C-alpha cells in the first residue's frame, strides 16, 4: 500500500463513509474503488475527481502519484475498460451515471416519461433529454431530488464529478416573476384624475339654479306638480322617458347623449319592467333549460371520462340545491 492509497482510506474513515458510498460519488464500481485503498494509482481523470471530492490540492496529489509505482492490470484497469466502451459504442459514453439514476428511479416508481414531466411542470421531450444525459438546471434538479427522495447536495456533487456532462440548449419556461424582471421598465404617463360624473338629479338642480328659476316655475314648464319635481331634484324619484325628454328640451340637452350616459347607472330604473309571463309550453326558463340539455347531450361523447365525472358531480350538486329550495317552500 502506497502513501496515496493510505491517504484515501484514512479520509474515507474520517468522514464516516462506506466504500459503497464513495464508489457511488466517484461513479466507479465498488471493486475499482476498493483498489484505490490498496495498491492502485488511478489515471489523471479519476485523480482529478478524487481531489475535487476530497478537496485536495491536485498538484500535490499528482506529484505524489507520479512518485508512486502503480500496479498495472490490463484486465481490471478502469482506463482500459473506458477505452473499450468508447470504441464499441460511443453513444453509451454520453449516457451519464446520473441519467441512468433518473431512468432507474422513474422505472422503480412505475411512471412513464410523460407522468414525470407533468409532475415537474415541463414537456415530455424535455424530460427525456435528462435521461439521455443532459444535466437539468438547478431548479429542476431540486425538483427531481425532492420527487425521488434524493439528497440534493449529494446529487449535485455527483454531477460535478462526472466525466461526461451535457448541458441542454433548451431552457425551461420562465416563471412570471422572472419574465417581468427581464422586461424593460416603462414609465407610465401621468393620467389626470377624471371627476366622477354628475348625477342626473344634481345636473337638473344645477341647470335650474343657473336659469334662475324656482321650483314652481320649472314645474309649470314641465307640466308636473312641484312635489314631483322636488323629488326628482332630491334623487328619490327618477323621471320616466317622456319627462326626461321634456327636461332635455327645456335645458337644451341632447336627449340621446343623456340617455346613453344614464344607461349604465340609474337609467335602468327609468324603463318599464319587462314581465315574462309563465307558460306551460314556451316559458323562457324552460326554453333555456332544453337548450342547455341539448348542448350537453350533443357534446357528451366528445369529452373524456374524467370530464364527464366532473360534470356529473356538478349536476348532482345542483340537484341537491333544488331539493333544499323545495324544502324551504
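Across all Cα atoms of the stretch 94-167, the radius of gyration (one decimal) and Dmax (whole number) stand at 11.2, 30 Å.
Shown here: the stretch 200-269, whose C-alpha atoms stretch 30, 23, 19 Å along the first, second and third principal axes, sorted largest to smallest. Centre-to-centre separation between the Cα atoms of the stretch 230-265 and those of the stretch 15-48: 92 Å.
Throughout, read-outs are computed from the coordinates displayed, never taken from laboratory work. Since the structure is predicted, the reported quantities are computational estimates derived from the model, not experimental observations.
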